[in-house]
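The values are calculated or read from the model by the stated rules, or taken from the named source; none is laboratory data. Worth saying up front: this structure is predicted, and the values here are computed from it rather than measured. Heads up, the Cβs are rebuilt from the backbone with ideal geometry, glycines too, and the neighbour counts pull from every protein chain shown.
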Amino acid sequence: MHEGPITFQGDRLWLPLGSVPTGARARLSLPEGVTVLRAEADEAPPAGVEALGLREAHPRMAREDWLRAGRAYQWLEWEAGHRFCGHCAAALVPAEGHGRRCPSCGRAVFPGNSIAIIVLIQRGRGPARQWALARSPHFKPGVYSSVAGFTEPGESLEAAVHREVSEELGIRIQHLRYFGSQPWPFPNGLMVGFRAEYLDGDLRPDPSELEDARWFTRETLPDLPSTISIARWMMDAALAETD
Ligand SMILES: [Zn+2]
């Protein structure tokens, strides 16, 4: 894994990693000691260095390096968005454990994640197995994916899954199973993936979020999300099953 500094210019990563800007810049150290730098917006990257969004950079980087760059971006964004106390508006100062503390009212804030759930729903077994996939208007043309949404304060992951499925698709599910999770640096998410079985109801996609939702079989699959995301990993895992 690359151990040198990681530079962002806005939301764009400088590749190759290790390229250091000359202009004034924000900097921080990740807990593991890696230095993260922010180049000024008007600085031209050095010769041979490209400034790429994390999505564009993904296919060109080793998986571990991309994960660390995404992690660096989440920390930078957290720091940039937590300069003042949300209660009394005083400027925050560094606190223990990578957090920040308000010298006026004493409250402390710590880096965290916006937690979202994503769920792949299946119906039936064997060759007749179907999956409920939906299309957001923001997706590339032809792409369908599992439904996802942010958890709300005071809500368990499981409750969030059932609520999102009910709200977005109008169906009910059962036999929820944890699949895995993925840091999602757009800008500070943690995607928690589940698989579930259909229980009852007819697909009624919520028009405020989705433009379509359907049951697909292995033979009728639409275009799927790219391998950057857990949405695709879950689908690939499902397609590898033969029962
Ligand atoms: Zn305060």
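Summary of computed values
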{"quantity": "Positions within segment 69-99 being within 16 Å of the ligand (Cβ to nearest atom), in contact with a strand residue (DSSP E or B) (Cβ under 8 Å, 6 or more places away or on another chain), among the aliphatic types (A, V, I, L, M) and at pLDDT 95 or above, in sequence order", "calculated": "ALA90, ALA91, LEU92, VAL93"}
{"quantity": "Output for segment 76-98, where each listed residue is closer than 23 Å to PRO185 by Cβ, more than 22 Å from the chain's Cα centre (by Cα) and part of a loop (DSSP other than H, G, I, E, B)", "calculated": "ARG83, GLY86, LEU92"}
{"quantity": "Neighbours by Cβ (under 9 Å, 6+ apart or cross-chain): first from segment 149-161, farther than 18 Å from GLN182 by Cα; second part of a loop (DSSP other than H, G, I, E, B) and of a type outside the set (Asp, Glu)", "calculated": "ALA159/THR151"}
{"quantity": "Verdict on SER114 being polar (S, T, N, Q) and farther than 27 Å from TRP215 by Cα", "calculated": "yes"}
{"quantity": "Hits in segment 1-34 (condition: in a strand (DSSP E or B) and surrounded by fewer than 14 Cβ atoms within 10 Å (Cβ to Cβ))", "calculated": "ALA26, ARG27, SER29"}
{"quantity": "Answer residue from segment 105-125, given it is part of a loop (DSSP other than H, G, I, E, B) and more than 16 Å from the ligand (Cβ to nearest atom) and is nearest to ILE230 (Cα to Cα) among those", "calculated": "ASN113"}
{"quantity": "Failed item, numbered, when CYS102 is tested on (1) more than 16 Å from the ligand (Cβ to nearest atom); (2) touching a His at 6+ places or on another chain (Cβ under 8 Å)", "calculated": "(1)"}
{"quantity": "Strands (runs of 3 or more DSSP E) wholly inside segment 126-243 that include at least 2 residues being at pLDDT 95 or above and over 29 Å from TRP75 (Cα atoms)", "calculated": "130-135, 172-184, 189-200, 212-217"}
{"quantity": "Any hit, segment 188-200, residues being among the aromatic types (Phe, Trp, Tyr), without any contact (Cβ under 8 Å) to a residue 40 or more places away in the chain and within 22 Å of SER229 (Cβ to Cβ)", "calculated": "no"}
{"quantity": "Contacts under 6 angstrom Cβ, first residue in segment 205-229 being of a type in the set (Ser, Thr, Tyr), partner modelled with pLDDT of 95 or more and not in a loop (DSSP other than H, G, I, E, B), 6 or more apart", "calculated": "THR217/GLN130"}
